[in-house]
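K.L.:
Sharing a structure with you now.
The values are calculated or read from the model by the stated rules, or taken from the named source; none is laboratory data. Since the structure is predicted, the reported quantities are computational estimates derived from the model, not experimental observations. Glycine gets a Cβ as well: all are built from the backbone with ideal geometry, and neighbour counts include every protein chain shown.
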């Protein structure tokens, strides 16, 4: 399994962060699409994946689309975002959560993260409504498959008359108080991207209990054609429908969702046990109220165990120190044995494209102390870092979480992480 190279024991085959896991039925459904010549954006595979998504999540309507991003764009459009509208968005997430707001010429305002789940902080959301009482749309993401504090966030949005768009792209199969994510907003989105818990190589889904909304998305996603004998258009449309071929892969994956979640959870638990003697913690979740899908296992290094680390826009440097480490060192060491990790999502308020946008912490306007944040010195009244997203990004990393990784491979990864702290 391993080969010796430059005195470092490497995996012969790369251990990926999270790669597709195929089972066989996927190919049969793709073959069926081919043999029946249903290769476009209609067909039995599409009908079936929409049914399966509703059956799994408990939502009433599902619309299969070309990507999770397409689903988010349609959700933002359904929510009524217009030019100049401010929209509250999760800060620690992938840019696809936020970009659709800009597609509709809205203005994202980023809500800081909380340590308990690494998701949107309810206290920061409440502060945001004090600063921007006119906001009527909130986009909430569940990071790495872990549900946020949904009831608290929903209560705040309800009090202020705001619509929730739920980005459950990473959390299909995760539950909060026994209810599936992807069902808590007015408009909800899941993803079947190549690295997700189940995949179509691409694809996504809009989920809703609103029949009229689902019908609008079906129309918009097929170029907004009117019911006429020729191509009649009265509004802007999009080429966003899922193909019957991609749907065949998703259809074949759905029966294995629970199996994949169980495998991912086992990986998380092995890391938790294997790293328990180090000054690190696994990405947290509320075990009383939620059950993640454990899509990615992540860790965060205790502040006092961090060696010096500096990150620029595209590069990072660190100084090795006995008994300490940092994400840059650990990721470099993991890569050295042919395994893939990655940094935590860089918060949106830190991204060059969004640095002029609003950013709200649990104590109010986060842009008011920009220089202190950059220096790493801003703390809240509780003595903890005020910019939680920046802190998690600085100290955290995503570990190899591929569900085809063997326990022996994972033990080797744990071993090299431990050596980083020697």
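K.L.:
Do we find a residue being touching a residue at least 12 places away in the same chain (Cβ under 8 Å), in a helix (DSSP H, G or I) and more than 14 Å from residue 241 (Cα to Cα) anywhere in the range 212-220? Before the answer, list the steps.
P.N.:
Filtering the range 212-220 down to residues touching a residue at least 12 places away in the same chain (Cβ under 8 Å) leaves 213-214, 216-220.
Applying the additional criterion that residues be in a helix (DSSP H, G or I) yields 213-214, 216-220.
Now drop any that are not more than 14 Å from residue 241 (Cα to Cα), which leaves 213.
Yes; the residues of the range 212-220 include at least one that is touching a residue at least 12 places away in the same chain (Cβ under 8 Å), in a helix (DSSP H, G or I) and more than 14 Å from residue 241 (Cα to Cα).
K.L.:
In the range 366-391, what residues are modelled with pLDDT of 90 or more and in contact with a strand residue (DSSP E or B) (Cβ under 8 Å, 6 or more places away or on another chain)?
P.N.:
Across the range 366-391, the qualifying residues are 385, 386, 387, 388, 389, 391.
Here's the yes/no breakdown for (1) part of a loop (DSSP other than H, G, I, E, B); (2) at pLDDT below 95:
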position	(1), (2)
3	no, yes
19	yes, no
26	no, no
47	no, no
52	no, no
70	no, no
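K.L.:
Which of the residues belonging to the range 376-422 are assigned to a strand (DSSP E or B) and in contact (Cβ under 8 Å) with a residue 40 or more places away in the chain? Step through it out loud before you land on a result.
P.N.:
Let us first name the residues in the range 376-422 that are assigned to a strand (DSSP E or B), namely 379, 385, 396-398.
Within the range 376-422, 396, 397, 398 qualify.
K.L.:
Please indicate, with yes or no, whether at least one residue in the range 96-104 is within 30 Å of residue 303 (Cβ to Cβ), under 16 Å from the mean Cα position of the chain (by Cα) and touching a residue at least 40 places away in the same chain (Cβ under 8 Å). If you could, list the steps in order and put the result at the bottom.
P.N.:
So in the range 96-104, the residues within 30 Å of residue 303 (Cβ to Cβ) come out as 97-98.
Now narrow it down to the ones that are under 16 Å from the mean Cα position of the chain (by Cα): 97-98.
Then drop every residue that is not touching a residue at least 40 places away in the same chain (Cβ under 8 Å), which leaves 97-98.
For the range 96-104, residues within 30 Å of residue 303 (Cβ to Cβ), under 16 Å from the mean Cα position of the chain (by Cα) and touching a residue at least 40 places away in the same chain (Cβ under 8 Å): present.
K.L.:
Can you tell me how many residues in the range 228-242 are surrounded by fewer than 22 Cβ atoms within 10 Å (Cβ to Cβ) and either touching a residue at least 60 places away in the same chain (Cβ under 8 Å) or closer than 19 Å to residue 215 by Cα (or both)? Step through it out loud before you land on a result.
P.N.:
Taking the range 228-242 as the starting set, the residues that turn out to be surrounded by fewer than 22 Cβ atoms within 10 Å (Cβ to Cβ) are 228-239.
When the remaining residues are screened for being either touching a residue at least 60 places away in the same chain (Cβ under 8 Å) or closer than 19 Å to residue 215 by Cα (or both), the result is 228, 231-239.
The qualifying residues number 10.
K.L.:
Quick check on the range 278-288: of everything there that is in contact with a helix residue (DSSP H, G or I) (Cβ under 8 Å, 6 or more places away or on another chain) and assigned to a loop (DSSP other than H, G, I, E, B), which residue is surrounded by the most Cβ atoms within 10 Å (Cβ to Cβ)?
P.N.:
From the range 278-288, those in contact with a helix residue (DSSP H, G or I) (Cβ under 8 Å, 6 or more places away or on another chain) are 278-280, 282-283; that's our starting set.
Those left that are additionally assigned to a loop (DSSP other than H, G, I, E, B): 278-279, 283.
On the way: 278: 17, 279: 15, 283: 24.
My answer is 283.
K.L.:
Given the conditions (1) over 17 Å from residue 292 (Cα atoms); (2) touching a residue at least 12 places away in the same chain (Cβ under 8 Å), and given that residue 168 satisfies all but one, which numbered condition is not satisfied?
P.N.:
Exception for residue 168: condition (1).
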